[in-house]
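Working notes, beginning with the structure itself.
The values are calculated or read from the model by the stated rules, or taken from the named source; none is laboratory data. Keep in mind that what you see is a predicted model, and the values were worked out from it rather than measured. With ideal geometry, Cβ positions are generated from the backbone for all residues, glycine too; neighbour counts draw on all protein chains shown.
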Amino acid sequence: MFALIDCDSCFCSCERVFDPSLEGKPVVVLSNNDGCVVARSKEAKALGIKECMPFYQLAEKFPGVKIEARSSNYTLYGDISSRVMSIIRDSAPEVEVYSIDEAFCNLQGMDHMDLKKWGEELAAKIKKWVGMPVSIGIAPTKTLAKLAGRFAKNYPAYNKCCLIDSEDKRIKSLSISPVLDVWGIGHRFAKKLNYYGINTALELSKRSEGWVRKELTVVGLRTWKELNGISCISYDNMESKKSICTSRSFPGTVTDRDEILTHVANHAARCASKLRRQKSAASILTLFIATNHQRTDLPQYSKSINITLPAPSNSAHELILAVHKALDVIFIEGYKYKRAGVIVSGICSADAIQQNFFDISPELKERYRKISKVIDAVNRKNGDDTLILARQQYNTDTKTGKASKFKNAIKHEFRSPCYSTNLNDIIRVK
DNA sequence: TCTGGGGTCCTAGGACCC
DNA sequence: TCTGGGGTCCTAGGACCC
């Protein structure tokens, strides 16, 4: 059996942990640049606020309604999440952290227990110890556990935990679930299925294997098997990512090549730091730049390019060198750019890097490695971006001579304090 | 008139997830 | 004025190789 533990309105609940006045009110959390809604409390969902709704439209669509908005504060959410995950790890033998607000547990060897009771107690413990409300679904496959989790979330009678442990319960739950509610079926597939007269999960599960393979590819086929009780989405610890991406939209638009270079240099440095944190290195770097695709009235341009590095690397120096080369190839003067990003892939362990004869000298490599180590140590202690490479700075203040990294900085107008991780914020709150 | 079969790599895009 | 960011996996077409 698998259990899915899912935080209820995760980001909104995190905000409420430290600001109980938000309890019972419609709360939304916004994306970077306060662009659009990425999380909604139950009350906000009830109002009809849709996921990904642009923030500025809230006032137009809900005049006179008091909606509490917060800018996203990932430092806070990450810390609360790790507390929740650590309680889950103490309660189950095998835990797979699926996302910031979800974890799967493999309950193998716990068959003798009352799993419904186990789930209810775990949910109560997480609420009591961290203040985070969670819903738990338990079933023979992950896809069915996800479905059970939805029932636990939507019907208070389940007391935060829904168990699908018999054929009757499986059929019943599939028969009342629209296909769109199934994990792995998105809007496109749902529309297609509806076209063929398939509206419930049960109807999908009764189609032939060959038909599902043809219409929904091998991915859909896995979902179909899982709905039929055959577990085939295996345990994946996801500790080492296969690709790492850092990208941002610019608050306005950018036309200057050098300014874009500075942005992507920062993205590259961030990728390097993420690679070092998971003790790996990447051999391929992808750079992409794009104009604002929503502004159909403006000329559009979107381009990406792959650079194969001479040898896998996790040093900011080498990745920045690569984005510099990459940008020279794809940048075209004259467009209003809105977004740029760096993806690193071809990831291997940092201890097992295959040397390349044509790479930079081992002495230089060693210097870069030492510099990275110092950067990590300083930034761990003093906060991200305390120490950066020169290429990452936007300009130098002519009066003070100090480097500024915050030209065109991201907007976070309604950001809550980092209550649980930043000493100054903790003191201020007290 | 008549032109194979098998493979890799790259690019681009689509679909899904949170 | 104002529309996010980070992932995974799959497919299709083109270029190129033998």
Fill in: Single condition A:ARG276 does not satisfy, out of (1) within 12 Å of DNA strand C (Cβ to nearest atom); (2) out of contact with any strand residue (DSSP E or B) (no Cβ under 8 Å at 6 or more places or on another chain)
(1)
Worksheet item: Here are A:SER21, A:SER71, A:SER81: which of them is within 24 Å of A:LYS146 (Cβ to Cβ) and either among the polar types (S, T, N, Q) or over 23 Å from the mean Cα position of the chain (by Cα) (or both)?
Response: A:SER81
Item to complete: Give region A:271-285 a look and list any residue that's more than 20 Å from A:LEU389 (Cβ to Cβ) and surrounded by fewer than 19 Cβ atoms within 10 Å (Cβ to Cβ), or say none.
Response: A:GLN278, A:LYS279, A:ILE284
Worksheet item: Can you name the number of the only condition in (1) more than 23 Å from A:GLU121 (Cα to Cα); (2) surrounded by 13 or more Cβ atoms within 10 Å (Cβ to Cβ) that A:ASP79 fails?
Response: (1)
Item to complete: Identify, from the list A:ILE244, A:ILE332, A:ILE307, the residue that is part of a strand (DSSP E or B), out of contact with any His (no Cβ under 9 Å at 6 or more places or on another chain) and farther than 22 Å from A:ASN379 by Cβ.
Response: A:ILE307
Worksheet entry | Scan of region A:210-249 for residues that are among the aromatic types (Phe, Trp, Tyr) and touching a helix residue (DSSP H, G or I) at 6+ places or on another chain (Cβ under 7 Å), ordered by number | A:TRP224
Worksheet entry | helices (runs of 4 or more DSSP H) completely within region A:1-61 that count 1 or more residues being farther than 26 Å from A:VAL84 by Cα and more than 16 Å from DNA strand C (Cβ to nearest atom) | A:42-47
Worksheet item: Quick one: is A:GLU318 surrounded by fewer than 16 Cβ atoms within 10 Å (Cβ to Cβ) and part of a helix (DSSP H, G or I)?
Response: no
Item to complete: Please find, within region A:235-269, the residue that is modelled with the lowest pLDDT out of those that are of a type in the set (S, T, N, Q) and more than 10 Å from DNA strand C (Cβ to nearest atom).
Response: A:ASN237
Worksheet item: Restricting attention to region A:175-222, and to residues there that are within 29 Å of the chain's Cα centre (by Cα) and outside any helix (DSSP H, G or I), which single residue is surrounded by the fewest Cβ atoms within 10 Å (Cβ to Cβ)?
Response: A:GLY186
Worksheet item: Out of (1) part of a loop (DSSP other than H, G, I, E, B); (2) touching a Cys at 6+ places or on another chain (Cβ under 8 Å), the odd one out for A:CYS271 is which?
Response: (1)
Item to complete: Working only within region A:26-54, note down all residues that are among the aliphatic types (A, V, I, L, M), without any contact (Cβ under 8 Å) to a residue 60 or more places away in the chain and either closer than 17 Å to A:SER13 by Cα or surrounded by 19 or more Cβ atoms within 10 Å (Cβ to Cβ) (or both).
Response: A:VAL27, A:VAL28, A:VAL29, A:VAL37, A:VAL38, A:ALA39, A:ALA44, A:ALA46, A:ILE49
Fill in: Conditions (1) within 30 Å of A:ILE126 (Cβ to Cβ); (2) within 11 Å of DNA strand B (Cβ to nearest atom); (3) of a type outside the set (Lys, Arg); number of the one not met by A:ASP165
(2)
Practice prompt. Scan region A:281-332 for residues that are more than 15 Å from DNA strand B (Cβ to nearest atom), among the charged types (D, E, K, R) and at pLDDT 90 or above and report the count.
Written response: 1
Discussion item. If I ask for residues that are within 16 Å of DNA strand C (Cβ to nearest atom), more than 18 Å from A:GLY149 (Cβ to Cβ) and either touching a Pro at 6+ places or on another chain (Cβ under 7 Å) or among the hydrophobic types (A, V, I, L, M, F, W, C) (or both), which ones from region A:178-203 would you list?
Written reply: A:PHE189
Discussion item. Scan region A:83-104 and tell me whether some residue there is surrounded by 20 or more Cβ atoms within 10 Å (Cβ to Cβ), assigned to a helix (DSSP H, G or I), among the small types (Gly, Ala, Ser) and at negative phi.
Written reply: no
Discussion item. Just to be sure I understand the filter: pairs with C-beta atoms under 8 Å, separated by 6 or more residues or on different chains, first member in region A:89-113 and free of Cβ contacts under 8 Å to residues at least 12 places away in the same chain, second member among the basic types (Lys, Arg). Which pairs pass?
Written reply: A:VAL95/A:ARG89
Item to complete: Filter region A:62-76 down to residues that are surrounded by 15 or more Cβ atoms within 10 Å (Cβ to Cβ) and not in a helix (DSSP H, G or I) and give me whichever is nearest to DNA strand B (Cβ to nearest atom).
Response: A:SER72
